[in-house]
Amino acid sequence: MIRSTDRILVTHVGSLPRSDELIEVMISEDQGNSVPKAEYDQKLTDAVNGIVAKQAELGIDCVDDGEFSKRGFAVYAHERLGGLTPTGRKRPSPWADSRESREFPEFYSPITKDATGAPNPSNAQMACTEKLTYRGNALLERDLDNLTKAVKANNVSEAFVPAISPCDIAGNVLNDHYEDDEAFLFAIAEAMNVEYKAITDAGFLLQIDDPRLINYYVKNPDKSVDECRAWAEKQVEGINHALKGIPSDRVRYHTCYGINMGPRVHDMEMKDFIDIILKINADAVSFEAANPRHEHEWKLWEDIDLAEGKTIIPGVITHSSVLVEHPELVAERLLRFASVVGKENVMAGGDCGFGTQAMAEPEVHPTIVWAKFAAMVEGAKIASKELWG
């Protein structure tokens, strides 16, 4: 993992705006209109090369494939795990009956309910009905091959591949096979280890994406902070099991509060989870730090003993506003973190991704995303000049 030895390096969280051509074929397949495999594969290959080129052009140091092959962050694993069966039902909105929707029903009702007042469904509900296996090898090989070629063509020095956490998969799938939640979690971890290890074996950094770890609190309003902490400790055990055989310096861990331009007054606070997250076998940790609900939490790092060789990737641009951050503000944010953990231990990143669902209109328009990225790169240059001269 490349570190900020002579300047603040720049990366991001993962999902990026997809091209119209790629969205078109994804929607076509989603609607049951099969696209010839050769045509689909070529458009995906072209799109990945284009997005890597775009990141390189903007000045992003550690790039990815934009999660372009994944129609949705939360559901792509359904195609890659054996042992899952469609229930024929839709999952309810993830914000239904959350702490947020209880306090702000007028704001959340259009999201959580349809025109009749009935619960607004989300993705298709899957159930685990037999032993879990990993069967996504061909899809994974395609993704790694596309990124390998794009990185080489665009002369990029480092790239990462986002992959969903065992915790998040468990939250999206009903367990109708394993004896309890713990056994289910560890079975998922065992299966996903195949994907995780293939990513690092291909020469890429692995990023574990895990919004559920800290979103569990807001979406379970009857549980206390202590109960959520105890639950999170068990999820971290599952994550570390999934990372067996993978060196920690090949792993980044990302958690956030998801795609939600809402009040967010019930987000779990960093002081209540950061000690648990730092137990994960990952040498870099990515988290929200650029939105008004969490920007003040940089001060917590004054009292955190960051282990040698560890890197933090605070969000210095946010997905929760269409305002484009000023580069001077980005620089200020980076300088704050550098002042408490050391300049070599900081990379610039985002709060969350900007293209999580291929089938949904993004909350931040692509033109604004690129303006935010440009501001992040410029802000990192300003901070670097201050820190290194």
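The values are calculated or read from the model by the stated rules, or taken from the named source; none is laboratory data. None of these values were measured; they are calculated from a predicted model. For neighbour counting, all protein chains shown are included, and Cβ atoms are generated from backbone atoms with ideal geometry for every residue, glycine included.
Could you grab the pairs with beta carbons closer than 8 Å, sequence gap of 6+ or different chains, first residue in the stretch 156-173 and within 17 Å of VAL194 (Cβ to Cβ) and in contact (Cβ under 8 Å) with a residue 40 or more places away in the chain, second one among the hydroxyl-bearing types (Ser, Thr, Tyr) and surrounded by 23 or more Cβ atoms within 10 Å (Cβ to Cβ)? From residues that are within 17 Å of VAL194 (Cβ to Cβ) and in contact (Cβ under 8 Å) with a residue 40 or more places away in the chain, the pairs are PRO162/SER15; ALA163/TYR196.
Considering the stretch 67-77 alone, what residues qualify as being more than 14 Å from ALA138 (Cα to Cα) and either of a type in the set (A, V, I, L, M) or assigned to a helix (DSSP H, G or I) (or both)? Listed by number, the residues that qualify are ALA74, VAL75. When SER109, SER28 are checked against the criterion of being of a type in the set (Gly, Ala, Ser), within 22 Å of PRO366 (Cβ to Cβ), over 24 Å from the mean Cα position of the chain (by Cα) and part of a helix (DSSP H, G or I), a single residue qualifies: SER28. Against the conditions (1) over 18 Å from the mean Cα position of the chain (by Cα); (2) in a helix (DSSP H, G or I); (3) hydrophobic (A, V, I, L, M, F, W, C), ILE246 satisfies every one except (2). Could you tell me which residue of the stretch 67-99 is nearest to ALA53 (Cα to Cα), considering only residues that are within 17 Å of the chain's Cα centre (by Cα) and of a type in the set (Lys, Arg)? The extreme case among them is LYS70. Just to be sure before I move on: is GLU182 touching a residue at least 24 places away in the same chain (Cβ under 8 Å) and among the acidic types (Asp, Glu) in the structure I sent? Judged against the criteria, GLU182 is a match.
Close Cβ contacts (under 7 Å, 6 or more residues apart or on different chains) running from residues in the stretch 88-113 that are surrounded by 17 or more Cβ atoms within 10 Å (Cβ to Cβ) to residues that are charged (D, E, K, R) and at pLDDT 85 or above comprise PRO94/LYS219; SER98/LYS219; GLU100/ARG264; TYR108/GLU100. Output yes when any residue across the stretch 203-224 is under 20 Å from VAL63 (Cα atoms), surrounded by fewer than 22 Cβ atoms within 10 Å (Cβ to Cβ) and over 19 Å from the mean Cα position of the chain (by Cα), and no when none is. Yes, that holds for at least one residue. Among the residues of the stretch 289-309, the ones that are in contact with a Pro (Cβ under 8 Å, 6 or more places away or on another chain) and either hydroxyl-bearing (Ser, Thr, Tyr) or outside any helix (DSSP H, G or I) (or both) come to 2 in all.
When we screen ASP351, ASP283 for residues that are in contact with a His (Cβ under 6 Å, 6 or more places away or on another chain) and either within 16 Å of TYR253 (Cβ to Cβ) or surrounded by 23 or more Cβ atoms within 10 Å (Cβ to Cβ) (or both), the only hit is ASP351. Does the stretch 44-66 contain any residue that is β-branched (Val, Ile, Thr), under 21 Å from the mean Cα position of the chain (by Cα), in a loop (DSSP other than H, G, I, E, B) and more than 18 Å from MET126 (Cβ to Cβ)? Yes; the residues of the stretch 44-66 include at least one that is β-branched (Val, Ile, Thr), under 21 Å from the mean Cα position of the chain (by Cα), in a loop (DSSP other than H, G, I, E, B) and more than 18 Å from MET126 (Cβ to Cβ).
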